[in-house]
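Each remark here refers to the structure printed beneath this line.
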Amino acid sequence: MRFSSILFFLFIAIQLFSQNRIAIYDVQATRSSKTIVKDVSGYIVNYYASDDRFVVIDKANRQLIKEEQNRQKSEEFIDGYIVDQGKQEGYDYCYYPKYDEKEKMLSIRVYEIASGTVISSQQTKLKTSFLGSPKNMKAAINELIDKVNSDCFEIRYEIVRCTKEKKNEAKELLFAVGYNQRVEEGLAYKIYCMVEEKVGGKTLERKDFIGKGRIDSIEDGNFSMLKVKEGGKEILKKLNAGVPLYGSIDQ
């Protein structure tokens, strides 16, 4: 009994140490555009809260950051402030979302606290209606998170297998995303594989996009059915050859 208890606590300790502690700051925006993007930080928090690889700290304290921005008028100061806060409070990474009303650009900067550097800076344009309300908010946030996950944590969402085919073309795919990734029916994905390229004596990986699809139905927290819209022949050929395929948000 004692040995099994030690193993249990050792397993729990390994799980805790393998988790990434991330802090999510409130999205920064002008007062006039705040209502447009008010739910951004909460959405990011909810996204990672369902993933046991992360411990999420909600740092939505917009007044503190806003005061510092008004006083310093410096992105460099904010960079240093966030890194210092991360060191004091024991975070591994900090997420700093921002919205540029003039350009209609939503962005996320990710700070690695140990190195004190920005390790990912992603942005995407919001589509807004005539009245200014966002038309693609959830898809835009998903796209940014998808890019950050691939960029920082090498998290990719895998195509598990072909579930329907016709005339040597993939028609439907089992896709390893679900409610936990906040996906919705109709969300578009680009399908790709990773290929290696030799550049200047280095071997680098890049995404080779081979098709497109849309979420047809969501099975549970971890899986969905992806209806293939383009590239069915190449997708089926790659899967039959045992090539790993993945999906990323396509806006």
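Tabulated results
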quantity: Spacing of the two label points (7 Å from each Cα toward its C-beta) at ARG214 and GLN123, in nm; calculated: 3.0
quantity: Net lengthening on full extension, ASP58/SER115 (0.36 nm per residue, minus Cα-Cα); calculated: 18.4 nm
quantity: Accessible surface of the chain, 1.4 Å probe, proportion on carbon and sulfur as whole %; calculated: 49
quantity: Segment 77-148 and segment 226-242: distance between their alpha carbon centers, rounded to Å; calculated: 33
quantity: Computed magnitude of the charge dipole of the chain (debye, nearest 20; Cβ of K, R +1, Cβ of D, E -1); calculated: 660
quantity: Angle in degrees between helix 2-18 and the longest Cα principal axis of the chain, rounded to the nearest 10; calculated: 80
quantity: Candidate values (i) 39, 19, 15; (ii) 33, 26, 18; (iii) 32, 19, 17, label of the one derived for semi-axes √(5λ) of the Cα gyration tensor in Å; calculated: (ii)
quantity: Selection from GLY213, GLY116, TYR43 lying farthest towards where the dipole of the chain points positive, charges on Cβ; calculated: GLY213
quantity: Sites THR163 and ASN136 - FRET efficiency at Förster radius 45 Å, r taken between beta-carbons, to 0.05; calculated: 0.95
quantity: Overall Cα dimensions of segment 117-251, principal axis frame, Å, largest first; calculated: 47, 43, 27
quantity: Accessible area per residue, Å², the chain with all protein chains present, probe 1.4 Å; calculated: 57
quantity: Gained length - LEU174 relative to LYS38, 0.36 nm times residue gap less alpha-carbon distance; calculated: 45.6 nm
quantity: Local net charge near LYS212, Cβ-Cβ under 12 Å (Lys/Arg +1, Asp/Glu -1); calculated: +1
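The values are calculated or read from the model by the stated rules, or taken from the named source; none is laboratory data. These figures come from a predicted structure and were not determined experimentally. Cβ atoms come from the backbone with ideal geometry, glycine included; neighbour counts cover every protein chain shown. Remember, those area values only see protein heavy atoms, side chains included, never the ligands or the DNA or RNA. Shrake-Rupley method; radii C 1.70, N 1.55, O 1.52, S 1.80 Å.
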